[in-house]
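Structure first, commentary second.
Since every read-out is calculated from the coordinates, none of them should be taken as a lab result. For clarity, every value in this text was computed on a predicted model and none was experimentally measured. Methodologically, a virtual Cβ is constructed for each residue, glycine included, from the backbone with ideal geometry; neighbour enumeration extends over all protein chains shown.
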Amino acid sequence: MGPRVILSMLLLAQLGDAATFMVGEALHGISLESNGVAVLAYDAGGLAGVLALKGVALLLVLGVAASTVTRFPRLFVWLGAAATSLGLLGCFANVASLLLLS
């Protein structure tokens, strides 16, 4: 699998997590969030604070992943798989919560 595909999947999974988080927050508030860091970011800056934190984390992960492509290809694949999996897990958990509460 090419590096661009891996990075694209990582990006899409993380953006899906952020999008479903925004929908959940709009419908049910931050009280459903189980991530303590996200709750602290929300308390400090509202939804914009959480999205800024997610954006910075995503840019950091993408930067680290992109820098490992040529020197450490196995690390790149593992990092891409882990970050994509976490994004998908967050997205699916958000969707499941929304379906249960609807």
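Summary table
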{"quantity": "Qualifying positions in the range 51-102 - surrounded by fewer than 17 Cβ atoms within 10 Å (Cβ to Cβ), over 15 Å from residue 7 (Cβ atoms), over 11 Å from the mean Cα position of the chain (by Cα) and of a type in the set (Gly, Ala, Ser)", "calculated": "52, 93, 96, 102"}
{"quantity": "Test: residue in the range 33-41 that is in contact (Cβ under 8 Å) with a residue 24 or more places away in the chain, among the aliphatic types (A, V, I, L, M), in a helix (DSSP H, G or I) and surrounded by 13 or more Cβ atoms within 10 Å (Cβ to Cβ)", "calculated": "no"}
{"quantity": "Selection count where residues are within 16 Å of residue 8 (Cα to Cα) and not in a helix (DSSP H, G or I), scope the range 52-71", "calculated": "1"}
